[in-house]
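Each remark here refers to the structure printed beneath this line.
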Amino acid sequence: MTYQKYIYKLPTEDFYKFLVDYGKGVEILSEGEAYIEFALYEPLEGIEPLEVLEVEVILPQKVYKPQRIKNLIIIPSWLRPVVIRHGMAFGTGLHPTTRLCLELLEDFLEEGWSVLDVGTGTGILAIASKKLKAGRVLAIDIDPYAVEECLHNKEENCVDIECIKAEAKDIKESFDLLVANLELKVFKKELPTLIKLFKRVAIFSGIYEKEELREFLDLLKEKPAKIKKLKGWYAVVIKR
Ligand SMILES: C[S@@+](CC[C@H](N)C(=O)[O-])C[C@H]1O[C@@H](n2cnc3c(N)ncnc32)[C@H](O)[C@@H]1O
């Protein structure tokens with residue numbers, strides 16, 4: 001996006017009179033004894049500009065980045081921070097299977113949707129879903145240490161998510177979006193149950209290399225809406 005910058009030059013005395021009448025900020029470009037050159041972002045009536053420049057708007061997103069100062073990190077307001085303790089559960093965001101889920105959540109999750117995170121580990125995907133403006137979020141895991149970590153991280157992130165020790169078969173309702181970062185051997189057992197637990201989108205991750213992908217797609221028996229790959233790992237998206 002561009003906008004126009006109008007360059008003017010006035011005798012010093014006239015400039016200060018103008019400034020009082022104008023009542024808004026101007027950008028002073030050069031200040032000589034006799035003349036002042038300045039810029040405005042709108043034309044002035046009755047005065048011819050020296051020059052009109054096309055200026056590119058630099059969005060704050062381009063220049064304002066997260067900054068680390070010792071143990072503080074300053075984050076621009078449009079970013080969604082997720083704080084994760086390096087503890088007793090899987091899910092710091094470093095592993096490709098987690099990263100694939102995070103990217104796909106950004107692509108597919110819509111505001112207000114309910115989310116079920118199966119195999120939540122640290123709770124990273126459940127917390128990220130809430131930060132991406134999900135409605136109700138339920139995180140489940142069979143590992144009690146994971147539930148403990150998820151509850152800790154939930155508090156750290158000040159988000160309202162439920163986190164319980166459970167398996168997919170214990171869940172009796174369906175959610176708008178299901179995310180499950182598991183393993184092929186777990187999908188072999190759980191997929192028929194998982195398929196019943198979502199209404200709109202499911203993200204399945206934790207599938208390694210082509211052979212596992214082939215096996216997973218045979219189990220799935222549905223045409224995926226998207227398959228995404230990162231460092232040999234695949235994630236599969238189903239849409240209804
Ligand atoms: C690869 S980790 C994923 C952690 C996190 N969701 C992430 O994306 O980084 C898989 C998690 O699934 C849990 N898990 C394994 N089998 C499960 C099952 N049948 N039902 C629920 N959770 C399961 C494990 O305890 C582990 O915490």
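Keeping all protein chains in place, calculate the accessible area per residue for the chain (probe 1.4 angstrom), answer in Å². The partial results should precede the final answer.
Details: 14220 Å² over 240 residues.
On a per-residue basis, 59 Å².
Would you mind checking K189/K210; K189/K231; K9/K62 for any pair whose Cα atoms are more than 30 angstrom apart? If you can, show how the numbers build up before the last one.
On the way: K189/K210 20 Å; K189/K231 25 Å; K9/K62 32 Å.
Cα-Cα > 30 Å for K9/K62; rest within.
Counting alpha carbon pairs within less than 8 Å and at least 6 residues apart, what relative contact order, in whole percent, applies to the stretch 1-80?
The value is 37 percent.
Normalised by the number of residues in the chain, the mean separation of alpha-carbon contacts (under 8 Å, six or more apart) gives a relative contact order of 14 percent.
Distance check, please: which entries in K130/K226; K5/K131; K65/K188; K172/K239 exceed 32 angstrom between their Cα atoms? The partial results should precede the final answer.
On the way: K130/K226 23 Å; K5/K131 39 Å; K65/K188 43 Å; K172/K239 20 Å.
Over 32 Å Cα-Cα: K5/K131; K65/K188.
Carbon and sulfur atoms: what percent of the 1.4 Å accessible area of the chain do they account for?
Working: 7600 of 14220 Å².
Taking all protein chains in place, the chain shows 53 percent carbon and sulfur surface.
Where a Cα-Cα gap under 16 Å defines reach, which aspartates and glutamates qualify for K154, not counting those fewer than 8 residues away within the same chain? Partners within reach: D117, D141, E162.
When Rg and the Kirkwood Rh are both derived from Cα coordinates, the Rg/Rh ratio for the stretch 2-57 amounts to 0.96.
Mind giving me the FRET efficiency for K223 and D160? R0 is 41 Å, r the Cβ-Cβ distance, nearest 0.05 is fine. Please list the in-between numbers first.
Details: r = 35 Å, r/R0 = 0.85.
The formula returns an efficiency of 0.70 here.
Please give the per residue volume of the convex hull enclosing the alpha carbon atoms of the stretch 81-239, rounded to a whole number of Å³. Numbers along the way, then the final one.
Working: hull volume 15.3 nm³, N = 159.
Given the Cα convex hull of the stretch 81-239, per-residue volume reads 96 Å³.
The values are calculated or read from the model by the stated rules, or taken from the named source; none is laboratory data. Source: prediction; values computed, not measured. Note that each Cβ is placed from the backbone with ideal geometry, even for glycine, and that neighbours are counted across all protein chains shown. Quick note on the areas: whole protein, heavy atoms, side chains included, nothing else; ligands and nucleic acids left out. Shrake-Rupley method; radii C 1.70, N 1.55, O 1.52, S 1.80 Å.
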